[in-house]
Structure formats: structure tokens, C-alpha cells
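Laboratory data are not the source of any read-out in this text; all were calculated from the coordinates shown. If you're wondering where the values come from, they're calculated on a predicted model, not measured in any experiment. Because the Cβ atoms are built from the backbone with ideal geometry, glycine has one as well, and the counts that use them run over all protein chains shown.
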Amino acid sequence: MLLVGDHQHVDEIATVLQRATYLGYHVIGVLSPTPADEQTPGGLPVLGSLDDILPALQVTAAQAVIFTDGALPSGSAFNRLAASSRTRTLSSSSSRGSLTCRRRG
């Protein structure tokens, strides 16, 4: 699972998911408005920015994405992202973006 949002919100969600192991979720990493950071204060790896969502899904094989509070500026921004994602998903594999994932060592 990927979490999208600022460090505070993704760390809070990750803490809840880590406590609720019976849910079976494993947080792979974060897409952040501050992608230059290597990890969140809670230790989650920052894989890139919101623009990297499709490449991050391809590289990590994450099955789900959680958008935390404030991850996007508005509902219409989420709709644009969803429409853009559908368009990119339907395009040929030769036009896929690339992403270099940074993993914790």
C-alpha cells in the first residue's frame, strides 16, 4: 500500500495500520509534497511526489493507495488525477514513466 500526503498525516495513518495488523495492510512507501526527503519522521520511505503515483504503483506493485487529509488541494484536483490516471493507464507500455524508488537500508 502507498500513502499519499504530508508527513504528519501519512505517519498517523501508518501508525494505525501497523497497530491493526489483522487488517493485513503493509505500507510500502509515501508519495509526498516534499519528495526531496528520503523518509518521513516516522521512518517511511518517500518514493516521490504525487506526480509519481502511476510509476510508483508499477514499481512497487502496491495493491492500494490511501490519500490522507490534504493530500490534494481540492476534490476537483482528485478528479483530475483520477482522469489523468485512467488516460495514462490506457496508453501503451512504452510511454510509462520511470521512478527510482529509494528504500530503507
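In whole percent, what relative contact order does the stretch 2-95 give with Cα contacts below 8 Å and a gap of six or more residues?
Details: 111 pairs, mean separation 29.9, N = 94.
Computed over the stretch 2-95, the figure is 32 percent.
Can you give the local net charge around Q18? Use residues other than it whose beta-carbon is closer than 13 angstrom to its beta-carbon, Lys and Arg +1, Asp and Glu -1.
Working: positive: R19; negative: D11, E12.
Every neighbour counted, the sum reads -1.
When each pair of different Cα atoms in the stretch 2-95 is counted once in the 1/r mean, what is the Kirkwood radius in angstroms, to one decimal? It would help to have the intermediate numbers written out before the result.
On the way: mean 1/r = 0.0723 Å⁻¹.
Answer for the stretch 2-95: a Kirkwood hydrodynamic radius of 13.8 Å.
Might you report the magnitude of the Cβ-based charge dipole of the stretch 2-95 about its Cα centre, with Lys and Arg at +1 and Asp and Glu at -1, to the nearest 20 debye?
Computed about the Cα centre, the dipole is about 420 debye.
Would you mind computing, in nm to one decimal, how far apart the modelled labels at T21 and Q8 are, each placed 7 Å from Cα along Cα→Cβ?
Using points 7 Å along Cα→Cβ, the separation is 3.0 nm.
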